[in-house]
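Scroll down for the structure; my scribbles are underneath it.
The values are calculated or read from the model by the stated rules, or taken from the named source; none is laboratory data. Bear in mind the structure is a predicted one, so any value in this text is a computation, not a measurement. Note that we place each Cβ from the backbone using ideal geometry, even for glycine, and neighbour counts take in every protein chain shown. When the accessible area is computed, the model is the full protein with side chains, heavy atoms only, and any ligands, DNA or RNA have been set aside. Shrake-Rupley method; radii C 1.70, N 1.55, O 1.52, S 1.80 Å.
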Amino acid sequence: MLELRGVSRRVGQREGDALACDGIDLAISTGEIHGLLGENGAGKSTLVRILAGLATPDAGMMLLNGAPLTLASPRAARARGIGVVFQQTTLFAGMTLAEGLAVALGSGTQPTAAARLLATTSARFGVRLDPDRLVRSMSAGQRRLAELLRCVMQAPGHMLRLLVLDEPDAMLAPPEAEALTDLVRAIAATGCAVLCCARRSEDVMALCVRVTVLRAGRVATICDPREAGAERLAELMTGRAAPATRRARHRPGAAVLQLRGLSLPCDQGMALHRIDLDLRAGEILGIAGAAGHGQAELVAAISGVALARRPDDILLEGVPSGRLGVAQRRRAGLRHMPADRLDCGVVGEMTLSENAFLTCWDMGLIRRFTIRRDKLERLTRSIMDLVGLPPNRAAASVAHLSGAELQRFILGRELGFAPRVVVAERPTWGLGIGAARDIHQALLDLAAAGVAVLLVSDDLDEVLALSDRVAVMTEGQLSQSVAVTETSAAQLGVRLADAA
Amino acid sequence: MPPDPKAGLWTLVLAPLATPDGLALLVATAVPLILCGLGIAMACRANVWNLGAEGQLAFGAAAAGLVADLAGPTAGAWTMPAMLLAAAAAGLAWAAIPAVLRTRWSAPEGLVSLLLSYAAVQLLGDQRDTAGARAEPQGEAGFVLAMAAALLAWWLLARTLTGFRLRVVGLAPRAAAYAGFSTDAVVWLCLLGSGGLAGLAGAIAAGTILAPGIGQTALVAAFLGRLHPAGVVAASLLLADLSLGAARLGIGGGATLAETGVIPGLLLICLLACNRRTQTGRVANDR
């Protein structure tokens, strides 16, 4: 079993830096799958890094099966039978699975030897993985399974003592998530303690009987997740009771955005194939699907970053707009919240004012070729007022904003000026529960005010919770949309899995 | 007896500033550097690399010489503006080639412009030397022109939509596409603008001491000036001072041109080495 007693770790190197982990106690018995819940910045990642041997605690002690545990390096962690699966794959995308595992096993292991070991290990747990397949061509779920087996293979005697999973279910379709759950259970049954970190309580419900909830680096509580319920767990994580999102029922109006057989070739990424779509005023249309199936290309085509081949491919309030540029479409009332906030939605090196100018430059802010800075200042203030950011930060660089503040800023900038159509692309990606709820409420309020909202997200729960209708994107094609009342996560999940 | 380092330093750094004539020469030497450097610096802010100022300058000088020839001895008030205009147009035209290749076929504009500058010098080699003899000394007027260009460049970069587009394209190309700014338009603007300025410098530079290698020195001036117009002016003056001092050192102290060229080189290396985050942003950030 694993035991942590008062483990603390500062954010930085200096005395007096804030504590990322502040006296954390944790006990996981052998064979137990223990959940670790917390928002971004609650200390989960720091704890994972400590257990992986990537960081050392400043205070406290750790015990594994009764023996003190000091981990100077990832190699030391592996030698003690600790395996860590990070959010990102550690296997190289351009190699075959056997080659990637051979690299991970190190000390001159040949790919053929790795393939043999993979065969025996996967037979032991009843998993099937093709050693000659390129890692790049494997689905997210298969990669996650491979990572789990990698941990077992690296452990001394192929017996893991502790398995740490960082957000194991993130972005997996339900059947794949199930296969992963089964494998985690099978590994736990070999006498291994499992720590399963997650941001969303849904991810630990199925696996764990006990979870430790972290808040601001401290243990908030230890409980049974099913007994506590998602609402209570969210409250414990955020430290405040958050009201559920409210939605006003309303009737959708006329079609505002229509795609008519939109096809677009693409050199890099996914080509779009004959996409039809009707988005009406006052409704939220959700586009679900695993990332990388053409969502980014679809959003680029709608926003005008990529031009369609014919003007009639895209109608904005009935006006053929397929060949119009980004700025023209924006003037027609189309606004876009990009998925990649820091790289695409703003310029990190610029101030908030300059970033407000980024998409508001054609709103009468220029006189005699010169930018009217007083007017821009007022516009920035009004954006920041709208979303509750302190106005004295207008001259600060956006790089100093947190992820949640940044998304609020973009929300205010894009939605503050009476839009007709809003494309929200993975709007709560990487945000904590509280911040995600604010964004969700803002989108629902928009729809209630008669704005047409296109929600593109790989978070199935988000799509189902917000949308009136749902369509699924697979390999560059968009399915017929169905009313959200006539479908379920399970049905959509099967569709997603068929596509993968 | 070993040479006196103090005297050497004096000759290299301060001697060019000591006399009114020396100052005039310094300014005349710095003007083409300022003009070329401004163009290069502005383009670099948009992550557009114009390494071919040398060739654009040669074309500018040749065009100015051609106009002077045509005007002949009947040179009137219009001759000088016509020469400058022709020079700018010639530099701009030569810079249009990398712009076409970049926007049409994604050819790297830095490489293309650099190679084209060798082509230009080969094509125009002889004429460039003679153009200088025909041009009049440009002293004060040239400096006023360079200062005006620097002021305009600053205003453009800091206060206008065009400058904003340029900076966004340089810092975050994806954000530029998201905002609706065309990268191609910015590439065109940067190459034509810096080419035109280099051509202009060609008309003015003809006959000054720096004549060969102005394009390369201007590149140093642009980076030494941290890609800021005011910085470019200061760096150009410094580099002009050092090159004039080096010439004196060569005449009086027996140092070769290669030896004295070490000083500006060291300056640039020191600056770049301690420069963890340059104005162009991404290049340095992706360590």
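Structure notes:
- Residues that are without any contact (Cβ under 8 Å) to a residue 12 or more places away in the chain and more than 30 Å from A:Glu349 (Cβ to Cβ) do occur in the range B:22-33.
- The single residue among A:Ala395, A:Ala418, A:Ala471, A:Ala465 that is aliphatic (A, V, I, L, M) and part of a helix (DSSP H, G or I) turns out to be A:Ala465.
- A:Ser45 meets all of the listed conditions (1) in a strand (DSSP E or B); (2) within 29 Å of the chain's Cα centre (by Cα) but one, namely (1).
- Tally of residues being of a type in the set (Val, Ile, Thr), part of a helix (DSSP H, G or I) and open to solvent by 40 Å² or more (accessible area, probe 1.4 Å) across the range B:11-36: 1
- Selected residue [within 28 Å of A:Ser8 (Cα to Cα) and out of contact with any helix residue (DSSP H, G or I) (no Cβ under 8 Å at 6 or more places or on another chain)] from A:Arg136, A:Arg185, A:Arg116, A:Arg218: A:Arg218
- Output for the range B:134-193, where each listed residue is of a type in the set (Val, Ile, Thr), in a helix (DSSP H, G or I) and within 12 Å of chain A (Cβ to nearest Cβ): B:Thr162, B:Val168, B:Val169, B:Thr183
- Here the range A:202-220 is the region considered, the condition is being of a type in the set (Val, Ile, Thr) and not in a strand (DSSP E or B), and the residue that is surrounded by the fewest Cβ atoms within 10 Å (Cβ to Cβ) is A:Val209.
- One residue stands out in the range B:240-286 among those that are open to solvent by 50 Å² or more (accessible area, probe 1.4 Å) and assigned to a loop (DSSP other than H, G, I, E, B): the one that is modelled with the lowest pLDDT, namely B:Asp286.
- Taken over the range B:154-168, the criterion of being open to solvent by 10 Å² or more (accessible area, probe 1.4 Å), out of contact with any Gly (no Cβ under 7 Å at 6 or more places or on another chain) and hydrophobic (A, V, I, L, M, F, W, C) is satisfied by B:Trp154, B:Trp155, B:Ala158, B:Leu161.
- Condition check for A:Phe357: more than 25 Å from A:Ser263 (Cβ to Cβ), within 8 Å of chain B (Cβ to nearest Cβ) and open to solvent by less than 20 Å² (accessible area, probe 1.4 Å): yes
- The condition of being in the same structural domain as A:Thr212 (by TED's automatic domain parsing), open to solvent by 30 Å² or more (accessible area, probe 1.4 Å) and out of contact with any Gly (no Cβ under 9 Å at 6 or more places or on another chain) holds for only one of A:Ala67, A:Ala98, A:Ala55, that being A:Ala67.
- Note on the range B:47-81: residues that are modelled with pLDDT of 90 or more and surrounded by fewer than 24 Cβ atoms within 10 Å (Cβ to Cβ) total 3.
- Hits in the range A:255-297 (condition: assigned to a loop (DSSP other than H, G, I, E, B) and either open to solvent by less than 10 Å² (accessible area, probe 1.4 Å) or not assigned by TED's automatic domain parsing to the domain that holds A:Gly476 (or both)): A:Gly282, A:Glu283, A:Gly289, A:Gly294
- Flag for A:Arg372 being open to solvent by 60 Å² or more (accessible area, probe 1.4 Å), away from chain B (no Cβ under 11 Å) and either of a type in the set (Gly, Ala, Ser) or out of contact with any Asp or Glu (no Cβ under 9 Å at 6 or more places or on another chain) (or both): no
- Unique match (being out of contact with any Cys (no Cβ under 6 Å at 6 or more places or on another chain), open to solvent by less than 20 Å² (accessible area, probe 1.4 Å) and outside any helix (DSSP H, G or I)) among A:Leu406, A:Leu389: A:Leu389
- Scope the range A:306-344; condition in a loop (DSSP other than H, G, I, E, B), buried (at least 22 other Cβ atoms within 10 Å of the Cβ) and within 14 Å of chain B (Cβ to nearest Cβ); matching residues: A:Ser321, A:Pro338
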